[in-house]
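Trainee: I'd like to ask you about the structure that follows.
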There are 2 protein chains.
Amino acid sequence: MYKSEQLAHSLKLLIENGTWKANQKLPSLRQQVEQSGLSLITVMNAYQELEAQGLIYSKEKSGYFVAAQQTKETVHAINEKIEINSIVFKYLKSIQSENIIPLGSAFPNSQLLYSAKLIQTLGQLARQRRSYEQTPSLPPGNYELRKIIAQKYAMQGIPTDPSDIVITSGGLDALNLSLQALTHAGDYILLQQTIFYGAWQAAERLGLKVITIPEHPVHGIDLDAFEQAILKYPIKVCMLMLNSQNPIGFTVSDEIKLELAKLLNKHQIYLIEDDVYEELHYDQKKPLSMKYFDQQNWVLHCSSFSKTLGAGFRIGWVYAGKFSEHIQHSQLMSTLSVNSFIQNALVEYLSHRHYEKHLKTLRSTLQRFKKQYFNYLKNHLPDSCQIHYYPSGYFLWIELPEQVNSNVIYHTMLEHGVSITPSHLFNITDQNHHFIRINCSFEINERIQNALNLLVEIIQNQMNG
Amino acid sequence: MYKSEQLAHSLKLLIENGTWKANQKLPSLRQQVEQSGLSLITVMNAYQELEAQGLIYSKEKSGYFVAAQQTKETVHAINEKIEINSIVFKYLKSIQSENIIPLGSAFPNSQLLYSAKLIQTLGQLARQRRSYEQTPSLPPGNYELRKIIAQKYAMQGIPTDPSDIVITSGGLDALNLSLQALTHAGDYILLQQTIFYGAWQAAERLGLKVITIPEHPVHGIDLDAFEQAILKYPIKVCMLMLNSQNPIGFTVSDEIKLELAKLLNKHQIYLIEDDVYEELHYDQKKPLSMKYFDQQNWVLHCSSFSKTLGAGFRIGWVYAGKFSEHIQHSQLMSTLSVNSFIQNALVEYLSHRHYEKHLKTLRSTLQRFKKQYFNYLKNHLPDSCQIHYYPSGYFLWIELPEQVNSNVIYHTMLEHGVSITPSHLFNITDQNHHFIRINCSFEINERIQNALNLLVEIIQNQMNG
């Protein structure tokens, strides 16, 4: 993170947690420079950022003051039937062509996945008859693969038995099977206001009612809103992303996760955690999943190899714990089982140290690329556009001025052969349609640079009406 | 078919179609020998078989007479909530171990699948980066694969465009997606009384009400019962198997299929045709699917490569026609898409003549094996057991005396390390629990022979009380 952003972030925290009250005067720029040891320009940038976010305001010749925080209805009930799947379908089809520059893609650049070693392993195994199982592997899937996955949990301090794990046809299948195990049509679930469209599609598929809570500017998840929601509505299940959240990018801290775990336990709420980006952290340490904080089996943890090895494999899993058998039953009724050859190949690949090495390279490449995108856009986009940069994953979440409709940006870009993802795919409420998500996993070459320039130009045009 | 069975079959037809009336005297054994040119013993066997089936009766010194056909309620409404999935799950788990002799397996012997050429193709492709698509192939799946499948329909005289086809995660997924596209919870569907448990599971999964029609002893499907059912209940969709029906094995004639197509059109009923055994005919000519007779898009035809190349691949499809987009939408919400590497590999394999050659070998092997099983069991089972032999596929359907409970046979066999499939997995009504299905795709070696001997012994023990 940039120094000015770091500063803005920590000041934000003071405001959000109430250390600084409304209308309280902030330290002057000079005081702040002395206190922080940062340059004047850095401090100014931080203050301006907070001002742009409406957290502070300036009075001429008096300095900066804490803005009164709006007390708005934070919990939102979606009263209409959810109908997002057709929109997602149309969107995905529209950006599918290979000729389109895929800044709107949900998947990392495949050239960074499918490592040489992985392809070599697949090539070797594919030639051997023993790689093809006699009969399709029944739920819960390949035992060796489940053992390897269980070990990965154990290494994070989460005691796990292979029988806790169910292998699924990708991460989306894991989410769907989990949600299906815990809900009936008409039930209430809680989602983040802005979340991966798959969560909305899953709710639509099962005919569920959705309550949303807004993102918290500092913590990622707003626990007050969370508790308000579960007190107000008969919610039994929530579906959340807490690590490298898609599309925004934040990772919730361990402290907040612990609090959330307590709330789940206190209110007896199941959490389906979508954690498919868990491996794409830039820090040394992999972020903890909610499973770590889960003492009473309230968490079903869903992940996959789609973002690290390749989405074409369609291999995901759910840490289902006591719901394992229930989920296996659902699976037997839908897809029967998961491709057995690919499961065998992954076992072979994951049994060596290839995966860790591959992840290391993948993470550092994504980090490098994402910084390049951030720098480029920061330098070229108008200051009124706020780029949410978090140190993980490969998405940038860009907040445009409120009058700019991201859907118009998407359509205009597409006419020029570039995809981006507009925010109405992640947030089905009527507000907040001025965000876009950018996939930063493609190295910035001339083609990408032209696409980014085009984006800047189109945004500027929209801002100018 | 044996000559005595052929004779019994044609006499049955005369009774069923009313040429021979109730209590009419049959030609004497001697007359029949003269008319047919068959031996006395053959004619006697045929008459005894018909008597065993209750179609004729004998009077001492007077000869044989046509039995009055029972006018029983043929259409059956399942009033209880369908709960078969857990039973199937438990059953599949119980027979899963590699140490169990798999006479109960639903899948053909994998040594007959996964041909050397297929493994070679997979091995070659797996080494090439281009085999792994950039992003997962979205519904409806790989275009080249759909084109090849469309061509297979076209070769049977069914004009088909690749856009009619949706690739699915195996045949069961195709059935589920199709049924989901055409029904809502609480709707009525029509099933054959005895049918692949996947059809029952699909009905359970979607909360559908089921009406069944019995099998017709000659035609396979009872069109009178079919029409009765759709006149009596508000059925919109039926799910049927008409080629190498699982578990019984019959293939419905073109004439009956044509009549069925007319009924579908007349009553505006959709048919989801489960045709996963279509390639396993022993005749020169592949049986026609209902799609051939379908003028108005009432048929959704589901098939897969699971019974010919390997179930572990999880690649099936549905000829969805005008429902293609609807089904794609459902797919996007559940599994997102199908493994792209396997789709690519199948395209490569199917683009050459390997598949036709493989099928030829597979068919003749299955035919040889099934005859061996039939001969062996015919010679060793008590005469009161009727073995339903049809010239396709790899199942024998064995009708035991009514007092024998096939579930007891299954459990007793399993204790001795051999699986068979009892009829209550295919027929959830309270009757007809005296049938078993035997998988004949494993060459009869000493181990299998011991298993068959055991089966004979256990059946005899049960018959003797």
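The values are calculated or read from the model by the stated rules, or taken from the named source; none is laboratory data. Predicted model, so just to flag it, every value in this text is computed and none were measured. Counting neighbours? That spans all protein chains shown, and the Cβs are built from the backbone with ideal geometry, glycine included. The area values use the complete protein model at the heavy-atom level, side chains included, leaving out ligands, DNA and RNA. Shrake-Rupley method; radii C 1.70, N 1.55, O 1.52, S 1.80 Å.
Trainee: Throw me the Rg/Rh for chain A, computed over C-alpha atoms with Kirkwood Rh, two decimals.
Mentor: When Rh is taken as the Kirkwood radius, the ratio is 0.97.
Trainee: Moving on. Taking the Cα centre of each part, how many Å lie between region B:376-393 and region B:182-208?
Mentor: Result: 30 Å between the Cα centres.
Trainee: In addition: Other chains near B:169-176: what is the mean number of their Cβ atoms within 10 Å of each residue's Cβ?
Mentor: Partner Cβ neighbours, averaged per residue: 4.
Trainee: Per residue of B:302-310, what is the mean number of Cβ atoms on other protein chains within 10 angstrom of that residue's Cβ? Intermediate values should be presented prior to the final figure.
Mentor: Numbers: counts 0, 0, 0, 0, 3, 0, 0, 1, 7.
Average neighbour count from other chains, rounded to a whole number: 1.
Trainee: Testing the spin-label approximation: label points 7 Å from Cα along Cα→Cβ at B:K93 and A:D254. State their distance in nm.
Mentor: Inter-label distance under the simple model: 3.7 nm.
Trainee: Among B:V33, B:V166, what's the order by accessible area (1.4 angstrom probe), most exposed first? Could you put the intermediate results ahead of the total?
Mentor: On the way: B:V33 40, B:V166 0 Å².
Listed by decreasing accessible area, they come as B:V33, B:V166.
Trainee: Starting from 0 in steps of 10 Å, tell me what percent of the Cα-Cα pairs of region A:1-133 lands in each bin.
Mentor: 9, 22, 14, 20, 19, 10, 5, 1
Trainee: Write down the radius of gyration of region A:196-286 and its Dmax, each obtained from C-alpha positions, in Å.
Mentor: That works out to 13.3, 41 Å for Rg and Dmax.
Trainee: Rounded to the nearest 20 debye, what is the charge dipole size of the protein assembly as shown about its Cα centre when +1 sits on each Lys and Arg Cβ and -1 on each Asp and Glu Cβ?
Mentor: 1680 debye
Trainee: Where does region B:408-465 land on the Kirkwood hydrodynamic radius, alpha-carbon pairs, in angstrom?
Mentor: 12.2 Å
Trainee: Continuing with this model, one more query. When you look at the Cβ of every residue in B:319-329, what mean number of other chain Cβ atoms sits within 10 Å?
Mentor: Values: counts 0, 0, 0, 0, 0, 0, 2, 0, 0, 2, 7.
Other-chain Cβ atoms within 10 Å of each residue's Cβ, averaged: 1.
Trainee: As a check on your grasp of the helix formula, calculate [θ] at 222 nm for chain A: sum -39500 (n - 2.57) over DSSP H runs of n ≥ 4, divide by the residue count, round to the nearest 500.
Mentor: -13000 deg cm²/dmol
Trainee: Determine the percent antiparallel among the DSSP beta bridges restricted to chain A, to the nearest 5.
Mentor: Approximately 60 percent, going by the DSSP bridge assignments.
Trainee: What trypsin sites (Lys or Arg not before Pro) in region A:222-307 are in a loop by DSSP, with at most 14 other Cβ atoms within 10 Å of the Cβ?
Mentor: On the way: sites: A:K232, A:K236, A:K257, A:K262, A:K266, A:K285, A:K291, A:K307; in loops: A:K285, A:K307.
For trypsin sites (Lys or Arg not before Pro) across region A:222-307 that sit outside H, G, I, E and B with at most 14 neighbouring Cβ atoms in 10 Å, the list reads A:K285.
Trainee: Please compare each pair in B:K147/B:K257; A:K291/A:K370; B:K117/B:K286; A:K307/B:K236; B:K117/B:K152 to a cut-off of 32 Å on the Cα-Cα distance and tell me which ones are over it.
Mentor: A:K307/B:K236
Trainee: Another question, then. Between B and A, which B residue has the Cβ nearest their rotation axis, distance in Å?
Mentor: B:A126, 2
Trainee: Tell me, what is the 1.4 Å probe accessible area of B:S115, in Å² to the nearest 10?
Mentor: Approximately 20 Å² for this residue.
Trainee: Follow-up question, since we're still on this one. How do A:L300, B:L138 rank by accessible surface area computed with a 1.4 Å probe, from largest to smallest?
Mentor: B:L138, A:L300
Trainee: Mean separation of Cα pairs under 8 Å and 6+ residues apart, divided by the residue count of region A:131-353: what relative contact order is that in percent?
Mentor: In percent, rounded to a whole number, it is 30.
Trainee: With all pairs of different alpha carbon atoms counted, what Kirkwood hydrodynamic radius in Å does region A:116-191 show?
Mentor: For region A:116-191, the Kirkwood estimate is 15.3 Å.
Trainee: Let me know the Rg and Dmax you get for region B:333-465 when you use only its Cα atoms, in Å.
Mentor: Cα-based Rg and Dmax for region B:333-465 come out at 18.7, 57 Å.
Trainee: Going Cα to Cα from B:K61, which lysines come in below 27 Å? Please leave out same-chain ones fewer than 8 positions away.
Mentor: Once the sequence-local lysines are set aside, what remains near B:K61 is B:K3, B:K12, B:K21, B:K25.
Trainee: Take the alpha-carbon positions of the protein assembly as shown, form their convex hull, and give its projected area averaged over all directions (one quarter of the hull surface) in nm².
Mentor: For the Cα atoms of the protein assembly as shown, the hull's average projected area reads 41.6 nm².
Trainee: Please compute one quarter of the surface area of the Cα convex hull for region A:3-66 and express it in square nanometres.
Mentor: 3.8 nm²
Trainee: Another question, then. On the Cα set of region A:274-315, report Rg and Dmax in Å, please.
Mentor: Answer for region A:274-315, Rg first and Dmax second: 12.0, 34 Å.
Trainee: Excluding ligands and nucleic acids, what accessible area in Å² is computed for A:M44 using a 1.4 Å probe, to the nearest 10?
Mentor: My reading of the accessible area for A:M44 is about 70 Å².
Trainee: Separate question: Calculate the FRET efficiency for B:S58 and B:M463 from the Cβ-Cβ distance with a Förster distance of 22 Å, rounded to the nearest 0.05.
Mentor: Computed FRET efficiency for B:S58 and B:M463 comes out at 0.50.
Trainee: What are the extents of the Cα atoms of region A:131-353 along their three principal axes, listed from largest to smallest and rounded to whole Å?
Mentor: For region A:131-353, the Cα extents along the three principal axes come out at 52, 41, 29 Å.
Trainee: Please report how far the C-alpha centroid of region B:131-180 lies from that of region B:268-326, rounded to the nearest whole angstrom.
Mentor: 11 Å
Trainee: Can you tell me the length gained on complete extension of the stretch B:K322 to B:Q120, counting 0.36 nm per residue apart and subtracting the Cα distance? Working shown, then result.
Mentor: Working: separation 202, 0.36 × 202 = 72.72 nm, distance 3.71 nm.
Between B:K322 and B:Q120, full extension yields 69.0 nm more.
Trainee: If each Cα of region B:242-281 is one equal point scatterer, what is log10 of I(q)/I(0) from the Debye formula at q = 0.22, 0.35 Å⁻¹?
Mentor: -0.76, -1.13
Trainee: Moving to a separate point now. Tell me, how many Å apart are the Cα centres for region B:220-256 and for region A:422-465?
Mentor: Between the Cα centre of region B:220-256 and that of region A:422-465, the gap is 55 Å.
Trainee: Report relative contact order for region A:3-66 in percent, whole number only (criteria: Cα-Cα under 8 Å, sequence separation at least 6).
Mentor: The value is 43 percent.
Trainee: Compute and list, largest first, the equivalent-ellipsoid semi-axes of region A:289-386 from the alpha carbon gyration tensor, each √(5λ) rounded to a whole angstrom.
Mentor: Working: eigenvalues 238, 84, 44 Å².
Values for region A:289-386, descending: 34, 20, 15 Å.
Trainee: Please list A:H184, A:H219 from largest to smallest accessible area, probe radius 1.4 Å, with all protein chains kept in place.
Mentor: Sorted by accessible area, descending: A:H184, A:H219.
Trainee: With every protein chain in place, what's the accessible area of A:S58 (1.4 Å probe, Å², nearest 10)?
Mentor: Rounded to the nearest 10, that gives 60 Å².
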